[in-house]
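Reading through the structure tokens given below for one structure.
The values are calculated or read from the model by the stated rules, or taken from the named source; none is laboratory data. Please read all numbers here as calculations on a predicted model, not as lab measurements. A quick note on method: Cβ atoms are made from the backbone with ideal geometry, for glycine too, and the neighbour counts reach across all protein chains shown. Surface accessibility is based on the protein's heavy atoms, side chains included, excluding ligands, DNA and RNA. Shrake-Rupley method; radii C 1.70, N 1.55, O 1.52, S 1.80 Å.
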Amino acid sequence: MTEQPHIVEEIKKKYKNVDLVFGTHNLHRLPELLYRVIDGGVRVYETSRTDNEVAEGVPVKRCGNIHAWVTVMYGCDNYCTYCIVPYVRGHERSRRPEDILAEVKTLCGLGYKEITLLGQNVNSYGKDLGDATDFAELLRLICENTPISRIRFMTSHPKDISDRLIAVMAEFPQICNQLHLPVQSGSTELLKRMNRHYTREQYLETVKKVRAVNPGISLTTDIIVGFPGETDENFEDTLSLVEEVRFDQAYTFIYSRREGTPAAKYPDQVPEETVKERFDRLLALQNRISREINDRFDGEVVEVLCEGLSKTNIERYTGRTEGNKIVNFTSPENVTGRTVKVKIDNVQTWSLEGSLLEIIS
Ligand code: SF4
């Protein structure tokens, strides 16, 4: 938000008590900017951007000590017509593989067991580095050079997912059996208006390829409902794609106009009532599918990395399967940070419940 000049101007005018405004581009300059405010007694509105730089060494406050987020790249070059990110976060910039490896090794030394590699489109990783390291290669480097037990990543743009990446995912057991692949719409016509650069058929083909090498993979997605110009037919295409793929989970969003994006100017915005009705139908469909998929775990034994006590019930532990299913379970001893087998005896739409069977490691 604070990378957008019109927002910065508004804050400057309306909120005289605000002394300092800066965006994520300048996060590494916080000490210097604070000093300017405190020492100089001036208001600082820093909107300068250094799009080609990646600042290393910024201190990170970690939440939790089992799982950590590791940014591998910043920015985005895709310009989906509904999204403000490329305008405010700038072009894609990849961190150097050696810096990422060093961070993962440090995390392992601190006892972290699982990481999620982050980027707006991790499949573009390395394009700006000028060497042969792409995202598949980065995953291989991490698997071969660090003792991390579990690796997840997000987000993968469907147009950029490579055969090499699919192969590496199947090759290394550390890479979790899970893929978040945002489809946004099941209609090729709408995907074109969204500037997504893939068709419904190409998306389905990618899913087929991924499942061919990894049949049990857990698939999740993002879907926008009510994108400008979405017809009943376009929406039916989304429903039928959801039926066909059977995602483990879908993050569904009602389209919201973002000033500064091409789609905000599209004249054919969908009426609110229609959007709401479509959203409810999609949600009901996905809930049914998620529940059906989870039902298959009833009575099964699953492997869970325990993250600690459940926040909602301190008599239970909580953790995730490799497929990212949340499992709440009872255990006679503290198994935080351990990988355990849990026998599932109750199934919910968004989580599984059970009891400890065995400690694996
Ligand atoms: S939706 Fe994702 S890929 Fe598209 S422009 Fe935004 S950040 Fe980039």
Completion exercise
When every residue in the range 1-43 that is charged (D, E, K, R) and open to solvent by less than 70 Å² (accessible area, probe 1.4 Å) is compared, the one farthest from Pro86 (Cα to Cα) is Arg29
Completion exercise
Here the residues within the range 140-156 that are under 19 Å from the mean Cα position of the chain (by Cα) and either open to solvent by 10 Å² or more (accessible area, probe 1.4 Å) or free of Cβ contacts under 8 Å to residues at least 24 places away in the same chain (or both) are Arg150, Arg152, Phe153, Met154, Thr155
Exercise for the section: Determine, yes or no, whether Val60 is outside the structural domain of Ala167 (by TED's automatic domain parsing) and either part of a loop (DSSP other than H, G, I, E, B) or under 30 Å from Glu9 (Cβ atoms) (or both). Expected result: yes
Handout entry: Flag for Asp128 being assigned to a loop (DSSP other than H, G, I, E, B), within 11 Å of the ligand (Cβ to nearest atom) and surrounded by fewer than 16 Cβ atoms within 10 Å (Cβ to Cβ)
Key = no
Practice task
May I ask you to list pairs of residues, at least six apart or on different chains, whose Cβ atoms are under 7 Å apart, with the first in the range 33-48 being in contact (Cβ under 8 Å) with a residue 12 or more places away in the chain and the second being surrounded by fewer than 16 Cβ atoms within 10 Å (Cβ to Cβ) and in a helix (DSSP H, G or I)?
Solution key: Val44/Val37; Tyr45/Lys12; Thr47/Pro5
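Report whether or not Asn214 is over 17 Å from Thr252 (Cα atoms), in contact with a helix residue (DSSP H, G or I) (Cβ under 9 Å, 6 or more places away or on another chain), touching a residue at least 24 places away in the same chain (Cβ under 8 Å) and within 16 Å of the ligand (Cβ to nearest atom).
no
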Problem - Subset tally (residues that are more than 8 Å from the ligand (Cβ to nearest atom) and either more than 23 Å from Ser48 (Cα to Cα) or part of a loop (DSSP other than H, G, I, E, B) (or both)) for the range 67-85 - result: 7
Practice task
Assess whether Val88 counts as being open to solvent by less than 50 Å² (accessible area, probe 1.4 Å), within 16 Å of the ligand (Cβ to nearest atom) and in a helix (DSSP H, G or I).
Solution key: yes
Practice task
Would you mind stating whether Ile359 is farther than 21 Å from Ser149 by Cβ and β-branched (Val, Ile, Thr)?
Solution key: no
Practice task
Any chance you could count how many residues in the range 140-164 are within 24 Å of Cys76 (Cα to Cα) and either more than 16 Å from the ligand (Cβ to nearest atom) or assigned to a loop (DSSP other than H, G, I, E, B) (or both)?
Solution key: 12
Handout entry: Any chance Glu137 is in a helix (DSSP H, G or I), open to solvent by 10 Å² or more (accessible area, probe 1.4 Å), away from the ligand (no atom under 16 Å from the Cβ) and over 24 Å from Ser218 (Cα atoms)
Key = no
Handout entry: Positions within the range 181-197 being touching a Ser or Thr at 6+ places or on another chain (Cβ under 7 Å), within 12 Å of the ligand (Cβ to nearest atom) and not in a loop (DSSP other than H, G, I, E, B), in sequence order
Key = Leu191
Practice task
Quickly run through the range 255-291 and pick out the residues that are in a loop (DSSP other than H, G, I, E, B) and open to solvent by 40 Å² or more (accessible area, probe 1.4 Å).
Solution key: Ser256, Arg257, Arg258, Glu259, Gly260, Tyr266, Pro267, Asp268, Gln269, Pro271
Practice task
Please tell me if Ile100 is farther than 30 Å from Gly260 by Cα, assigned by TED's automatic domain parsing to the domain that holds Phe172 and assigned to a helix (DSSP H, G or I).
Solution key: yes
Handout entry: Scope the range 91-122; condition within 16 Å of the chain's Cα centre (by Cα) and either open to solvent by less than 10 Å² (accessible area, probe 1.4 Å) or more than 16 Å from the ligand (Cβ to nearest atom) (or both); matching residues
Key = Glu114, Ile115, Thr116, Leu117, Asn121, Val122
Completion exercise
Of (1) surrounded by fewer than 19 Cβ atoms within 10 Å (Cβ to Cβ); (2) in contact with an Asp or Glu (Cβ under 8 Å, 6 or more places away or on another chain), Pro182 fails just (1)
Fill in the blank from the handout: Residue hits (the range 321-334; open to solvent by 70 Å² or more (accessible area, probe 1.4 Å) and either of a type in the set (D, E, K, R) or touching a Gly at 6+ places or on another chain (Cβ under 7 Å) (or both)) are Glu322, Glu333
